[in-house]
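Here is the structure we will look at.
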């Protein structure tokens, strides 16, 4: 199809959209609602992924030491940590340092700790991992060896719950795709109905063009373009609404967490994903337009 | 043939030479419009064949049928102009959809409108025109692509006698330029005035040739 025909299809599609503003608005809002649901799920999962990624980079082993750990066991534990390439750094926290941290982080509970006869908090080693070398399976093996080492009371491994969080994010993402797909299928039918109304409105024109020998592609083209324009408009509306909702939600979340925007690290959909939402909207519109255009034979 | 054994046209054998002007006459329901629809490949014969320039229309693919129609101009009794488009756009639509450049489209459209004396009405909408003007616009649309064959189905059916005569003279001029013209009409007065070959249909049968 030449650029000339594309111009023709675009002109006719825009004229048709202007003619039936109300039904087009309904169709655009239907697509927008479907994409808003999909976009909302994507936005949640993008931020979950971002949080998982950030927390993974700062993932720690916390090795809690038994109060009666012997010097030999301490040396053996240090040797074990030295031999693990994923260990970027480590810091020994004594029982007294742990009590200090507790009083600093939980001032309301500090009095309770002071009432106790002896400090119940264990000494520990906080191990920071190098994300580039932190292979999941090897770390699991390493965590098991540390747990089994003498003088170790407990091991808390951040990566485990981060992996669980990652799986939850993936589940949310899939739920979004499935729900979005169902709603988008409904949107396809809405677009098809609206474009068929447009086809009926210009049936005479299409019939005349058929008798003049206009190629079938040219008769169907304006209808498909009309669907694509509706889909694109719906996608832009949904992105606008999603961004507005994101800004409102961010203010509330930051207020609830008492955090600064940087600390919360909440972000909108990246440009590639926003473009994907627009492409999906246009594809939905294209499918609806084509469904209607099939009636032109 | 329609369903249940009713024939719209039966045992019709008609040859129209290139460059000829032929009237197709007969009462309402005689089969004139059906014959024109067969020639435009809007319908296919249940038996027999319709050939134009040696090509059997029934054997054309949908795409070939559209290509064939580009060589045929069609004029309707009710004009079939697009009410939302100006005269210029109605006539210019043909070269536009057939891929002419904007300059070619304007040149061809203006030429044909000028020839039909409509250049001063090119920005008017169909409903702002008289019946005669509307039919001339429809003829301009049929002519703008310089077709080899013009088919007209009762083109003067909605016009008064003076305008009808004017339109028939236009068809005669078009034919004089070498275009084959086939006009369906039941107006014998007009046929006599133009004085060309006439073929008559009655109840689907070809009953008379003069």
Open item on the list: Looking for something over 23 Å from the mean Cα position of the chain (by Cα), in the same structural domain as residue A:83 (by TED's automatic domain parsing), modelled with pLDDT under 80 and buried (at least 18 other Cβ atoms within 10 Å of the Cβ) - is there at least one such residue anywhere in segment A:125-135?
Closed with: yes
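A quick yes/no check of all residues on (1) at pLDDT below 85; (2) crowded, with 16+ Cβ neighbours inside 10 Å:
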{"site": "A:64", "(1), (2)": "no, yes"}
{"site": "A:71", "(1), (2)": "no, no"}
{"site": "A:78", "(1), (2)": "no, no"}
{"site": "A:88", "(1), (2)": "yes, no"}
{"site": "A:99", "(1), (2)": "no, yes"}
{"site": "A:107", "(1), (2)": "yes, no"}
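Test residue B:156 against the stated conditions and say whether it is within 14 Å of chain A (Cβ to nearest Cβ), farther than 19 Å from residue B:40 by Cα and in contact with a helix residue (DSSP H, G or I) (Cβ under 9 Å, 6 or more places away or on another chain). Walk me through how you get there before you give the answer.
On the way: within 14 Å of chain A (Cβ to nearest Cβ): no; farther than 19 Å from residue B:40 by Cα: yes; in contact with a helix residue (DSSP H, G or I) (Cβ under 9 Å, 6 or more places away or on another chain): yes.
The answer is no for residue B:156.
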- [ ] Check off (1) touching a helix residue (DSSP H, G or I) at 6+ places or on another chain (Cβ under 9 Å); (2) away from every other protein chain (no Cβ under 14 Å); (3) at pLDDT 90 or above for residue B:49 and give me the number that stays unchecked.
- [x] (3)
- [ ] Please go through segment A:200-217 and pick out each residue that is part of a helix (DSSP H, G or I), facing another protein chain (nearest Cβ under 7 Å) and over 17 Å from residue B:144 (Cβ atoms).
- [x] A:204, A:216
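Determine which member of the set B:159, B:113, B:165 is part of a helix (DSSP H, G or I), assigned by TED's automatic domain parsing to the domain that holds residue B:22 and out of contact with any strand residue (DSSP E or B) (no Cβ under 8 Å at 6 or more places or on another chain). I'd like the intermediate steps shown before the answer.
Working: B:159 fails: part of a helix (DSSP H, G or I); B:113 fails: assigned by TED's automatic domain parsing to the domain that holds residue B:22.
Testing whether each residue is part of a helix (DSSP H, G or I), assigned by TED's automatic domain parsing to the domain that holds residue B:22 and out of contact with any strand residue (DSSP E or B) (no Cβ under 8 Å at 6 or more places or on another chain) leaves just B:165.
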Open item on the list: For segment A:1-20, which positions are assigned to a helix (DSSP H, G or I), more than 9 Å from chain B (Cβ to nearest Cβ) and within 15 Å of residue A:196 (Cβ to Cβ)?
Closed with: A:13, A:16, A:17
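Residues are listed down the side, and each one gets a yes or a no for (1) surrounded by fewer than 16 Cβ atoms within 10 Å (Cβ to Cβ); (2) over 22 Å from residue A:32 (Cα atoms); (3) modelled with pLDDT under 90:
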position: A:243; (1), (2), (3): yes, no, no
position: A:256; (1), (2), (3): yes, yes, yes
position: A:269; (1), (2), (3): no, no, no
position: A:285; (1), (2), (3): no, no, no
Open item on the list: Checking the condition part of a loop (DSSP other than H, G, I, E, B), farther than 26 Å from residue A:166 by Cβ and more than 34 Å from the chain's Cα centre (by Cα), which residue from A:67, A:108 passes?
Closed with: A:67
- [ ] Specify the residue that is farthest from the chain's Cα centre (by Cα); the eligible residues are those in segment B:80-126 that are in contact (Cβ under 8 Å) with a residue 40 or more places away in the chain and away from every other protein chain (no Cβ under 13 Å).
- [x] B:125
- [ ] Determine whether segment B:143-153 contains at least one residue that is crowded, with 16+ Cβ neighbours inside 10 Å, assigned to a helix (DSSP H, G or I) and in contact (Cβ under 8 Å) with a residue 60 or more places away in the chain.
- [x] yes
Open item on the list: So for segment B:71-80 (the condition being surrounded by fewer than 16 Cβ atoms within 10 Å (Cβ to Cβ) and not in a strand (DSSP E or B)), does at least one residue qualify?
Closed with: yes
TODO: Answer yes or no as to whether residue A:116 is closer than 29 Å to residue A:70 by Cβ, exposed (fewer than 14 other Cβ atoms within 10 Å of the Cβ) and in the same structural domain as residue A:86 (by TED's automatic domain parsing).
DONE: yes
Task: Failed condition for residue A:188, given (1) surrounded by 15 or more Cβ atoms within 10 Å (Cβ to Cβ); (2) assigned to a helix (DSSP H, G or I); (3) more than 14 Å from chain B (Cβ to nearest Cβ); (4) in contact with a strand residue (DSSP E or B) (Cβ under 9 Å, 6 or more places away or on another chain) - done: (4)
Task: Flag for residue A:120 being touching a residue at least 24 places away in the same chain (Cβ under 8 Å), in a loop (DSSP other than H, G, I, E, B) and more than 14 Å from every other protein chain (Cβ to nearest Cβ) - done: no
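Kindly evaluate residue A:98 against the criterion of being closer than 17 Å to residue A:156 by Cα and assigned to a helix (DSSP H, G or I). Write out each step before concluding.
Details: closer than 17 Å to residue A:156 by Cα: yes; assigned to a helix (DSSP H, G or I): yes.
Considered against the rule, which asks whether it is closer than 17 Å to residue A:156 by Cα and assigned to a helix (DSSP H, G or I), residue A:98 comes out as yes.
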Open item on the list: Take residue B:181 and tell me if it is assigned by TED's automatic domain parsing to the domain that holds residue B:94 and either part of a loop (DSSP other than H, G, I, E, B) or in contact with a helix residue (DSSP H, G or I) (Cβ under 6 Å, 6 or more places away or on another chain) (or both).
Closed with: no
- [ ] Given the conditions (1) within 13 Å of chain A (Cβ to nearest Cβ); (2) crowded, with 16+ Cβ neighbours inside 10 Å; (3) more than 25 Å from residue B:135 (Cα to Cα), report the number of the one that residue B:64 does not fulfil.
- [x] (2)
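The values are calculated or read from the model by the stated rules, or taken from the named source; none is laboratory data. As the structure is a prediction and not an experimental result, all values here were calculated from the model. Note that we place each Cβ from the backbone using ideal geometry, even for glycine, and neighbour counts take in every protein chain shown.
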